[in-house]
Amino acid sequence: MTQPENTAPLQLDAMIIGAGVGGLYALHHLRDKLGLEVRAFDAAGGVGGTWWYNRYPGARVDAPSSPFYAYTFSKELADEWDWSESQSTSKQVLAYLEFVADRLDLLRDIQFNTWVEDASYDDSGQRWTITTHTGERFTARFMICAVGALFVAHKPNYQGIDDFAGECYHTGRWPHEPVSFEGKRVGVIGTGSSGIQAIPEIAKEAAHVTVFQRTPQYALPARNRMMSPEETAGYRDEWETHRQSMRRRGGWPFATTKLRAADATPAERRQRFEEKWALGGINLLIDSYVGAVVDPELNAEISAFVREKIQDTVNDAATAAKLMPDYHIGTKRLILDNGYFETYNRDNVSLVDLRDEPIESFNSSGAVTASSEHALDMLVLATGYDAVSGSMLNLNPQGRNGIRLQEKWSERFDTNFGISVAGFPNLFMIHGPGSPGVFFSMPLGAELQVQWIGDCIAHLHENGLGSIETTTDAEAAWDEQIQQIANSTLYPETDSWYLGANIPGKPRQFLGHLKGSQYFDQLAAVAEDGYDGFVFEKVS
Ligand code: N01
């Protein structure tokens with residue numbers, strides 16, 4: 001539907017960009033709790049955000065326990081939804097989000113298949129106006145950007161890659177139609193969470209899989225299992241306690257160890273690592289001893305333990321050697337695997353170590369490396385995302401005085417709390433740069449940010465205020481806090497998407513707040529203390 005230029009845009013109270021985990025809750029909270037006139041927009045054909053697109057074989061939550069990758073704001077929702085496995089498939093997460101959208105009657109206020117092409121702020125009217133790809137325009141005082149931390153797919157720019165004549169898919173843009181690997185020679189580039197989940201599944205069907213690996217990765221066994229009715233009932237009984245614990249314990253509901261590695265002998269530590277390894281999931285890292293991503297000695301010991309496990313699993317010594325990670329475990333996103341290393345014992349899987357054998361180019365029939373040609377029928381790009389900042393830069397809103405976000409963020413991704421940007425009044429981000437994001441529970445983190453935004457909007461209404469905006473001083477202080485916390489850990493010593501290191505030319509800056517509970521305490525305190533670090537204008 002194209003709207004003529006001179007037609008007045010449709011007036012709303014708030015517009016939400018994105019109908020994923022954050023956007024759905026924002027729509028519910030602002031519409032049903034605050035009574036605002038709200039509409040959400042999404043380029044996808046349905047709800048789910050990143051889960052709408054991540055349908056590659058093997059895609060699962062990389063959190064270890066399904067009931068905690070879910071909303072916590074409604075006991076009814078928790079009671080009405082049964083998770084079937086401890087590590088949910090992407091299909092089930094998507095079904096859950098569809099269930100939530102249906103149950104809360106959200107669909108009537110979401111405009112799907114709609115790409116927001118432009119967003120700009122009008123100073124005098126204190127309103128945002130968006131223009132969609134069809135030319136429709138909407139205006140509202142508030143714009144909530146729930147555009148996803150892992151949305152903008154990163155495609156490597158190898159010479160000739162577009163000349164490849166076979167099928168080519170990115171894990172973050174997987175087709176909705178079935179993809180068959182049967183009888184095909186499949187090349188997979190990338191061994192992050194997506195590649196490590198997809199490779200074992202592809203190998204079960206394909207004639208041959210060639211994995212092109214740039215950095216060997218640690219992965220811990222997920223030990224995925226079916227959830228029994230008793231386990232589900234137990235979670236429901238303890239729902240309020242778990243909810244409170246997640247808020248207090250950095251997004252994770254269970255108490256973790258207070259044991260110190262220095263108080264144990266090497267044999268005792270080894271025994272404990274074995275126990276945690278047997279339990280699977282993130283237990284080895286977070287529950288062996290205190291400080292695995294802070295204490296270099298403990299980290300080195302856990303890293304060596306996992307390398308040994310890889311060595312024991314992979315039969316071919318040369319392949320095992322190529323698979324040996326050499327960074328501090330946990331400082332790239334920790335990966336939970338379902339038979340990844342075992343996959344290299346199959347006859348139809350081979351590994352190319354790009355550090356020794358870089359890809360020089362692609363041609364119509366495959367990849368050319370320094371010493372070989374790899375003929376392929378299909379290429380799977382598991383090469384990740386322009387994470388955290390990428391989707392906001394894609395939207396590229398125009399704030400005060402005509403400044404675009406791409407200009408504002410050309411050197412640093414300045415924000416306050418990862419929610420607000422100086423020069424962009426009444427714009428709120430969910431999981432923006434400087435938020436806890438993946439370092440906390442993403443659904444709970446989105447809920448808490450949305451609730452804060454809702455309270456802030458109510459504060460404006462109650463006080464006759466037309467706009468709120470953070471200051472550049474507050475942004476500088478926020479960045480300092482983020483970097484200080486990160487620098488007290490081992491994270492900055494490893495190249496990862498947390499630092500923007502996966503995207504050529506992207507400014508290096510740690511992008512997440514590592515102390516989620518502290519973050520939400522500070523966020524609450526700022527509102528209670530009259531929004532220090534923010535400025536308001538009266539309604540114009
Ligand atoms: O992406 P990644 P991902 N040539 O950036 C390699 C979340 N997630 O999609 O390590 C060759 O982690 C790159 O190599 P290197 C989760 O938070 C969640 O796997 O940069 N290789 C790396 O091996 C995760 O962290 C779930 O040297 C290139 C890989 O591609 C985040 O999404 C599931 C390359 C990219 O790994 C991203 O994971 C999956 C190049 N030019 C993911 N460029 C669920 O919960 C990049 N690589 C379902």
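Divide the volume of the convex hull around the Cα atoms of segment 413-540 by the residue count and you get 102 Å³ per residue. Listed by chain and number, the lysines placed with their C-alpha closer than 29 angstrom to that of residue 515 are 33, 75, 258, 276, 332, 408, 506; residues fewer than eight positions away on the same chain are left out. The relative contact order of segment 207-284 comes to 35 percent, based on Cα pairs under 8 Å that sit 6 or more residues apart. Peptides 512-522, 162-172, ordered by how many other C-beta atoms sit within 10 Å of their residues on average, highest first, read 512-522, 162-172.
Within segment 93-240, all pairs of alpha-carbon atoms sorted by distance into 10 Å bins from zero give the percentages 7, 22, 26, 25, 17, 3, 0.
Can you tell me the equivalent ellipsoid semi-axes for segment 379-425? Use √(5λ) from the Cα gyration tensor, largest first, whole Å.
Its equivalent ellipsoid spans semi-axes of 25, 12, 8 Å.
Computed across the chain, the Kirkwood hydrodynamic radius from all distinct Cα-Cα pairs reaches 24.5 Å.
Across segment 340-385, the fraction of Cα-Cα pairs farther apart than 14 Å, rounded to a whole number, is 62%. On a 0 to 90 degree scale, rounded to 10, what angle separates helix 239-248 from the longest Cα axis of the chain? The answer is roughly 90 degrees.
Applying 1/(1 + (r/R0)^6) with r as the Cβ-Cβ distance of residue 372 and residue 177 and R0 = 35 angstrom yields a FRET efficiency of 0.65. Enter the mean projected area of the convex hull around the alpha-carbon atoms of segment 34-168, in nm², rounded to one decimal. Orientation-averaged projected area of the Cα hull: 12.0 nm². Rounded to the nearest 20, the size of the Cβ-charge dipole of segment 87-212 about its Cα centre is 280 debye, with Lys and Arg at +1 and Asp and Glu at -1. Over all alpha-carbon pairs in segment 155-247, figure out the percentage whose distance exceeds 20 Å. Result: 56 percent of Cα pairs exceed 20 Å. Placing a label point 7 Å from the Cα of residue 102 along the Cα-to-Cβ direction, the residues of segment 45-85 whose backbone N falls under 18 Å from that point are 45-49, 52, 71, 76-84. To one decimal place, what Kirkwood hydrodynamic radius in Å is obtained for segment 296-344 from all pairs of distinct Cα atoms? When all Cα pairs of segment 296-344 are included, the Kirkwood radius is 11.5 Å.
In Å, what Kirkwood hydrodynamic radius results for segment 239-289 from the alpha-carbon pair distances?
Averaging 1/r across every pair of different Cα atoms and inverting gives 12.0 Å.
Using only the C-alpha atoms, the convex hull of segment 1-108 corresponds to 109 Å³ per residue.
Note down the magnitude of the dipole of the chain about its Cα centre, charges +1 on Lys and Arg C-beta and -1 on Asp and Glu C-beta and zero elsewhere, to the nearest 20 debye.
Working: 46 positive and 72 negative charges, 59 e Å.
Dipole magnitude for the chain comes out near 280 debye.
Calculation over all alpha carbon pairs of segment 209-349 in 5 angstrom steps from 0 returns a P(r) of 2, 9, 16, 19, 18, 14, 11, 8, 4, 1, 0 percent. The slack between residue 165 and residue 304, meaning 0.36 nm per residue of separation minus the straight C-alpha distance, is 45.9 nm. Antiparallel beta bridges, as assigned by DSSP with both residues in the chain, represent about 40 percent of the total such bridges. When all alpha carbon pairs of segment 271-395 are counted in 10 Å bins from zero, the resulting P(r) reads 10, 30, 32, 21, 7, 0 %. Can you give the net charge of the other residues whose Cβ lies under 13 Å from the Cβ of residue 39, counting K and R as +1 and D and E as -1? After counting each charged neighbour, the total is -2.
Calculate how large, on average over all directions, the projected area of the Cα convex hull of segment 105-185 is; give the answer in nm² to one decimal. List each step's numbers first, then the result.
Working: hull surface 38.3 nm².
Hull-based average projected area comes out at 9.6 nm².
Computed from the coordinates by the stated procedures, all read-outs in this text should not be read as laboratory data. Remember, predicted model here, so these are calculated numbers, not experimental data. Note: ideal-geometry Cβ built from the backbone for every residue, glycine included; neighbour counts use all protein chains shown.
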